[in-house]
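Peer 1: So that we are looking at the same thing, I have put the structure below in structure tokens.
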Amino acid sequence: MAGERVMELVRELHRATGGHLPPFRTEGLRQALEEMRALYERNQADVSEAKSGRTDLIFLIRFRHCCLLRNQRCLLAYVYDRLLRIRALRWEYGSVLPNTIQFHMSAEEVEWFNRYKKSLATYMRSVGGEEGLDLTQDIKPPKSLYIEVRCLRDHGEFEIDDGTTILLKKNSQHFLPRWKCEQLIRQGVLEHILS
Amino acid sequence: MFVSDCRREFYDVIVTQRVLLLVASDVDALCACKILQALFQCDHVQYTLVPVSGWQELETAFLEHKDQFKYFVLINCGANVDLLEILQPEEDTFFFVCDSHRPINVVNVYNDTQIKLLVKQDDDLDVPAYDDIFRDEEEEEEDSENESEGSEPSDKRRRFEEDVIERTMKRRQRREWEARRREILFDYEQYEYHGTSSAMVMFDLAWVMSKDLNDMLWWAIVGLTDQWVQDKITQMKYVTDVGALQRHVSRHNHRNEDEEHALSIDCTRIAFDYDLRLALYQHWSLYESLCNTSYTSARLKLWSVQGQKRLQEFLADMGLPLKQVKQKFNSMDMSLKENLREMIEESANKFGMKDLRVQTFSIHFGFKNKFSASDIVYATTSLMENIEKEGPETTNFIKALDSLSRGNLDKLHQGLDLAKKQLRAIQQTVASCICTNLVISQGPFLYCSLMEGTPDVKLFSKPVSLCLLSKNLLKSFVCSTKNKRCKLLPLIMAAPMDVEQGTVIMVGIPPETESSDKKNFFGRAFEKAADSTGSRTLHNHFDMSIIELKTEDRSKFLDALISLLS
């Protein structure tokens, strides 16, 4: 049935909640494009026939055209939604994405991500005076410069701005600058303690 | 060396640095740590907190972190050994030691550069004078210089004879000096005891900097009460320290008397209380509390049938109906609760319990939350020694540390439940030990060993629980025995620690007398006995009187101890 495969793609993306990026379905995309091409060719053939007299084919042509439009809309929605999710990943994870996520992106998406990163970096450098302003930090207004964190699992050594390293062992507590810890808190290595 | 101005020589030095906090596993250390953490957070001092439960962990933590930190703060560990020798630090590493263990090792006292002791100097320290222990090595060079001078033969011979006489005299002097030195050091290091609580020292630091808060004061109170609950300090010292804290309490908490400016009910209030000595009685029933507090159960001899009868008489004397007494304390009739303390004190005097009331403090916030200092101590201790393992041992430390904050009431209540279990287990074990005569006199000391199959024996594989058990056992034994000599003997208690590895944990406590100075000689005695028999022992705990040893070596170790101490 027309439009089935493309619906599967959209449904999969809809099910992946929370900004999660499922793997890029090249196969599904290819099949959908195949389908569109087949529909288009049949329509082409029927249009030339309809021009030469067979007006009852017009309804079939219109139906196929609707299918084509539907497929196009779904495919565009799929690709665009994935791009939005990838954009959100930059704000969440920073400029280097973990390998598991990079696996799920197609080559074009990686290219798009790099360009987005560059454009964001240029913008951030232009804002806020000489060194630029890192907008991806402190998404929520911070309450203090330093926060107390507890290490939830062994993470090894961790370097902070002035070159000193800290050994992150399970159940050790540290009092560190907020901006250094945010990444690790998001990854679940550190836990913010509120006393 | 001793730090005379805590603020300038300690705090101002580290306020611009990154610091590593090494904290021992007892409630006093936890409280001191909380106070210091609060100060550090106020001033944005970057720190890392690592809990340590023994010398090995201390060394491991130091080795792991020594490249990253230059300033180390040790809380309740490290004063009683030669730190520089054990840790072998670099020249530019500094240690600040805030420890209540005494005697302080002489090397730590006389080291001018790397070790700073945050200790109150009016504590009875009795550190030997410098010249009695240390001697410069100049004498060696003088002798060799005399020999290299050359001149006429007769003069040389005369000088040679004079040299020989001089040298023998110097050698004799040196031998005498060394003998005297050994004696002085032996006297100094023979007895272990405890000084001022580290939490109070930290609170003093906060007060000097005018950064003290009610919360910090409460932690200082809990630290002091921990020392009292575990019988580490004398009654006199406790009363003196309570007096000092009382001044701070009235300074912070005087607004409640004034009706107009009274604080909201949710604010923390600390109050001085002349409260009953019954453990956890406000969170339990009065009956349970009477049965499970060591003071009352020892005096009333509750392990025997007669003792139970005496308890009933005691309750009847006060006019408290059994039904009321056995239900939760909060549900007792108000009319009974109102004069409870005075009533109990009167009746207790008749039954031989003169010190049933003790000076302590209680904290009050919100409508439901009222805790006495000893409640918190019991709860935190049982959280820290919780045997239900949910991960590495440090998890228990972290849980106990969290429970001291006001926001974590659920952890505190969990701790209270665990404490009730622990107290019950202690009482039952004490009762069974006394009824089955497990406490035997070995001559210079009493000895009791817990068998593997005893119920709750796993609870006592932890040092603090085992110490509490031993003190309760000794108190009860002293009340139960008729042998006058046995009443003055110290006690050694052994319990199985790890069944697979076949180790036993052994604890020695000083004798239980009215005016005991709580000085414990078992630390040195254990070391000597282990050396002489070659037993496989592990002196891992910061308290030298707690050791672990292999079960097979137990009997020869004990024999060596007996011969050593008789």
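The values are calculated or read from the model by the stated rules, or taken from the named source; none is laboratory data. Since the model is a prediction, treat every value here as computed from it, not as a measurement. Please note: Cβ atoms are built from the backbone with ideal geometry, for glycine as well, and neighbour counts cover all protein chains shown. Note: accessible area is taken over every heavy atom of the protein model, side chains too, but ligands, DNA and RNA are not part of it. Shrake-Rupley method; radii C 1.70, N 1.55, O 1.52, S 1.80 Å.
Peer 1: Can you tell me which of B:420-428, B:380-388, B:404-412 comes out highest on packing, and rank the rest after it, using the mean Cβ neighbours within 10 Å? Walk me through the numbers on the way to the answer.
Peer 2: Numbers: B:420-428: 19.8, B:380-388: 21.8, B:404-412: 15.9.
Descending mean neighbour count gives B:380-388, B:420-428, B:404-412.
Peer 1: I would also like to ask the following. Taking only DSSP H segments of four or more residues, each worth -39500 (n - 2.57), what value at 222 nm results for the protein assembly as shown once the sum is divided by all its residues, to the nearest 500 deg cm²/dmol?
Peer 2: Rounded to the nearest 500, it is -16500 deg cm²/dmol.
Peer 1: How large is the dipole of the range B:446-485 about the Cα centre if only Lys and Arg carry +1 and Asp and Glu carry -1, each at its Cβ, rounded to the nearest 20 debye?
Peer 2: So the dipole magnitude of the range B:446-485 works out to roughly 320 debye.
Peer 1: Using Cα centres only, tell me the gap between the range A:80-122 and the range B:536-555 in whole Å.
Peer 2: Cα centroid to Cα centroid, the span is 59 Å.
Peer 1: Heads up, I need the accessible area for residue B:531: 1.4 angstrom probe, whole protein in place, Å², nearest 10.
Peer 2: 130 Å²
Peer 1: Using θ = phi - 60° and the Karplus curve 6.51 cos²θ - 1.76 cosθ + 1.60, what whole-Hz ³J(HN,Hα) does each residue of the range B:87-104 get, with Gly and Pro shown as x?
Peer 2: 9, 6, x, 6, 5, 9, 9, 10, 10, 10, 10, 10, 9, 9, 6, 10, x, 6
Peer 1: Where in the range B:174-210 is the amide nitrogen less than 11 Å from a point lying 7 Å along the Cα-to-Cβ axis of residue B:12?
Peer 2: No residue passes the distance filter.
Peer 1: Give the separation of the Cα centroids, the range A:1-56 to the range B:211-273, in Å.
Peer 2: 76 Å
Peer 1: With point charges of +1 on the Cβ of Lys and Arg and -1 on the Cβ of Asp and Glu, referenced to the Cα centre of the protein assembly as shown, which listed residue (A:76, B:494, A:177) lies farthest in the positive direction of the dipole?
Peer 2: Comparing the listed Cα positions along the dipole, A:76 ranks first.
Peer 1: How large is ³J(HN,Hα) for each residue in the range B:406-421, as worked out from phi by the Karplus curve 6.51 cos²θ - 1.76 cosθ + 1.60 (θ = phi - 60°), to whole Hz, x for Gly and Pro?
Peer 2: Those phi angles translate into 5, x, 9, 5, 5, 5, 5, 5, 4, x, 4, 4, 4, 5, 4, 4 Hz.
Peer 1: Run the dipole for chain B about the Cα centre, Lys and Arg Cβ at +1, Asp and Glu Cβ at -1, nothing else charged, and hand back the magnitude in debye, nearest 20.
Peer 2: The dipole magnitude comes to about 3480 debye.
Peer 1: Oh, and also: Hey, with R₀ at 60 Å, roughly what FRET efficiency would residue A:194 and residue B:346 work out to, going by the Cβ-Cβ distance, to 0.05?
Peer 2: Efficiency for this residue pair is about 0.80.
Peer 1: How long is the gain from residue B:175 to residue B:517 if the chain were fully straight, where each residue apart is worth 0.36 nm and the alpha carbon distance is subtracted?
Peer 2: Gain in length upon complete extension: 119.7 nm.
Peer 1: Could I ask something else about it? Could you compute how much accessible surface residue B:202 exposes when probed at 1.4 Å, giving the result in Å² to the nearest 10?
Peer 2: Taking all protein chains as shown, residue B:202 has close to 0 Å².
Peer 1: Where does helix B:214-229 land angle-wise versus the long Cα axis of chain B, in degrees 0 to 90, nearest 10?
Peer 2: 80 degrees
Peer 1: Let me ask you something else. Taking amide hydrogens as modeled 1.01 Å from N in the peptide plane, which residues meet the under 5 Å criterion relative to residue A:193, leaving out close sequence neighbours?
Peer 2: A:148, A:149, A:150
Peer 1: Turning to a different aspect of this structure: Relative to the longest principal axis of chain B, what angle (0 to 90°, nearest 10) does the C-alpha long axis of helix B:305-318 take?
Peer 2: 60 degrees
Peer 1: Using the 2.2 N^0.38 Å rule of thumb for compact globular proteins, work out how the range B:435-566 stacks up: its C-alpha Rg over that value, please.
Peer 2: Ratio of Rg to 2.2 N^0.38 Å for the range B:435-566: 0.99.
Peer 1: What FRET efficiency would be calculated for the residue pair residue B:130, residue B:387, taking the C-beta separation as r and a Förster radius of 41 Å, to the nearest 0.05?
Peer 2: 0.30
Peer 1: Specify which residue in the list A:126, B:432, B:448 is farthest towards the positive end of the charge dipole of the protein assembly as shown, using unit charges on the beta carbon of Lys, Arg (+1) and Asp, Glu (-1), about the Cα centre.
Peer 2: B:432
Peer 1: Size of the dipole of the protein assembly as shown about the Cα centre, Lys and Arg at +1 and Asp and Glu at -1 on the beta carbon, nothing else charged, in debye to 20?
Peer 2: 4320 debye
Peer 1: Could I ask something else about it? Check the straight Cα-Cα distances from residue A:143 and name the lysines below 27 Å, setting aside those fewer than 8 residues away within the same chain.
Peer 2: Answer for residue A:143, where 27 Å is the Cα cut-off: A:169, A:170, A:180, B:34, B:211, B:399, B:411, listed by chain and number.
Peer 1: Students sometimes get this wrong: rank B:238, A:123 by accessible area, probe 1.4 Å, all chains present, largest first.
Peer 2: So the residues, ranked largest to smallest area, are A:123, B:238.
Peer 1: Using a Förster distance of 25 angstrom, determine the FRET efficiency expected from the C-beta separation of residue A:183 and residue B:405, and round it to 0.05.
Peer 2: 0.45
Peer 1: Now, a different point. Relative contact order (percent) for chain A, with alpha-carbon contacts under 8 angstrom and 6 or more residues of separation?
Peer 2: It comes to 16 percent, rounded to a whole number.
Peer 1: Additional query: Excluding ligands and nucleic acids, what accessible area in Å² is computed for residue B:236 using a 1.4 Å probe, to the nearest 10?
Peer 2: My reading of the accessible area for residue B:236 is about 150 Å².
Peer 1: May I pose another question? Shielding by partners for A:170-182, please: the mean number of other protein chain Cβ atoms within 10 Å of each residue's Cβ.
Peer 2: 5
Peer 1: Give the separation of the Cα centroids, the range B:15-88 to the range B:329-362, in Å.
Peer 2: After rounding, the separation between the Cα centres reads 42 Å.
Peer 1: Keeping all protein chains in place and using 1.4 angstrom, which order do B:132, B:226 fall into by accessible surface area, from largest down?
Peer 2: Numbers: B:132 55, B:226 0 Å².
These residues rank, largest area first, as B:132, B:226.
Peer 1: Using each residue's phi in the range B:440-452, evaluate 6.51 cos²θ - 1.76 cosθ + 1.60 at θ = phi - 60° and report the 3J(HN,Hα) Karplus result to the nearest Hz, with x for Gly and Pro.
Peer 2: The phi angles translate into 10, 8, 9, x, x, 8, 9, 9, 9, 10, 8, 7, 5 Hz.
Peer 1: How many partner chain Cβ atoms sit within 10 Å of a residue's Cβ in peptide B:19-25, on average, as a whole number?
Peer 2: Mean shielding by partner chains, rounded to a whole number: 1.
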